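The values are calculated or read from the model by the stated rules, or taken from the named source; none is laboratory data. These numbers were taken from a predicted model, which means no experiment stands behind them. Here Cβ is always computed from backbone atoms with ideal geometry, including for glycine, and neighbour counts include all displayed protein chains. These accessible areas exclude ligands, DNA and RNA; they are computed on the full protein's heavy atoms, side chains included. Shrake-Rupley method; radii C 1.70, N 1.55, O 1.52, S 1.80 Å.
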Amino acid sequence: MDASAVYFLISELFMAVTCGTLFLINIGALSPTTPWTGVPIFSVLGAEVAILFSILSLTNQTKKSWFILSMLIIGLITTLLEASRGEIELRVNILLISICLTSIFTLNYLVCKFRLPPSLQNNQFMKWFTWFELGMVGYGVMRILGYFAPAPIRPLNTPSTLALVIFSYFVVIGTFRYISYIGLRISWVNPINPTQNPLNKSLVNAIEEKDQLLRGLIASNRVIGISALASSLAHQLSQPLTTIALRADTTRRDLEGATQDPKVLSSLDDISTQSSKLAELIKNLRRLFGSSEYRFLPLNLQKIIEEIIEIVQPSLDAKKITLIKDYHCNPMVIGDSIQLQQVFINILNNAIDSLEQNDTQTKEIQISITKRDKFAIVEFKDNGGGFDQKSVPTIFELYKTTKRDGLGVGLWLSKTIIEQHHGSISAQNDELGHAVLTLEVPLSDSQDHEP
């Protein structure tokens, strides 16, 4: 079993201890005093913490030491609650337990709702699990409000009718939450680190076959992109080649006249500079079209965007398109540089095509980089005709295209690559009707480089 399954098993074992202890106390097999009354408190709190670690382990490598520390803290809280049992009113003791439990319920819900990658959040079973977790928050709130009930809300001795209703609600919600988790384990596999288990082995095999097909599509899309880049490449190479030729002629004439002329050295320096520029360009293109495997590493986002801009700049100049760069930060992200560059070049080529078909006299593309929470935000905006509102909901679907000669693969592939990076991509029109594509890419743990 993977870490997530282990933590969830621990949670179920804790709940079994909770139910078993309460049963033994109620039938008189155990004394309803310390330390036995502390066992269900510790185990029910531990069960919810284990669920939290189980969910986090689906996409992140959580450290066992943090779980052990959490258990120690829960043990300390339980000890303090038990030590105060004879010193404070029973209602207050139950209220404190309910507040601790509700806090963990709320934390679990917030993690499920806001801290999971889109590929996991969009899973139907994960959505159900999140709603049932919110139901657990509701149970906790009822326990807190039970402080004002005529009789204490507790599962010991002879529970009141209200207590039976509340605990029945807890059992039902907990059962459906468990079923949702089983459905999640069957239907979702981490795309970054697929793990086989008896529940999703067939699904993992299917995903591996899909990934092979996807890699083939990526390679095919690169081949298609080569034709679109051919004119840009010719422009980009012609300038340094022309300079090299001119400087070479100058050097030859100077050598014929005077070998000590300092212009000779200057020409040679220019030749070296332009040659290096040409070699770097060829290197970038070779990297862009020469890799088909994912390698997730810390990357300088600005740098990989600038490399793509250098490639498409001749097309921008030829079509009189102004590129505006609005960089508010220079973040480090975690990802595969080749795949991310493929996304950026797809988006820029789409923007160029859109502007070319538009009659706007002043043609502009704006690229902005910002940060929000744990994501770098890259926004591509052009002042063309914008997106057709009817096509926006399906713009990222495979084979959906508005171009006459389009294949409907570029944006779908871009969305797939970004989701493989645990990010997201969205399309919309701004208030002026201009097309805006927004990408979210997870930040690296490395230190950001501010401009």
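Considering all alpha-carbon pairs of the stretch 309-439, what whole percent are spaced by more than 18 angstrom?
Tail of P(r) above 18 Å: 54 percent of Cα pairs.
May I have the pair-distance distribution P(r) for the stretch 1-155, computed from all Cα-Cα distances with 5 Å bins from 0 and rounded to whole percent?
Per 5 Å bin, starting at 0, the Cα pair percentages come out as 2, 9, 16, 20, 20, 15, 9, 6, 3, 1.
Pop out the carbon and sulfur fraction of the accessible area of the stretch 26-159 as a percent, whole number, probe 1.4 Å.
69 percent
What does the accessible area per residue of the stretch 1-144 come to in Å², with a 1.4 Å probe and no ligands, DNA or RNA counted?
49 Å²
Nearest 0.05, what FRET efficiency do R295 and L9 give at R0 = 35 Å with Cβ-Cβ as r?
Computed FRET efficiency for R295 and L9 comes out at 0.55.
On a full-extension model of 0.36 nm per residue, what is the gain between W66 and R85, subtracting their alpha-carbon distance, rounded to one decimal in nm?
4.0 nm
Rounded to the nearest 0.05, what FRET efficiency is calculated for T360 and S187 with R0 set to 41 Å and r the Cβ-Cβ distance?
Between T360 and S187 the formula returns 0.35.
Using 7 Å Cα-to-Cβ label points, what is the D430/L156 separation (nm, one decimal)?
6.4 nm
Please give the length that would be gained between Q121 and T175 if that part of the chain were fully extended, namely 0.36 nm times their separation in residues minus their C-alpha to C-alpha distance (nm, one decimal).
Stretched fully, the Q121-T175 segment lengthens by 17.4 nm.
Could you list which residues have their amide H under 5 Å from that of Q366, counting only those 5 or more apart in sequence or on another chain, with H placed in the peptide plane?
It is I324, K381, D382, by chain and number.
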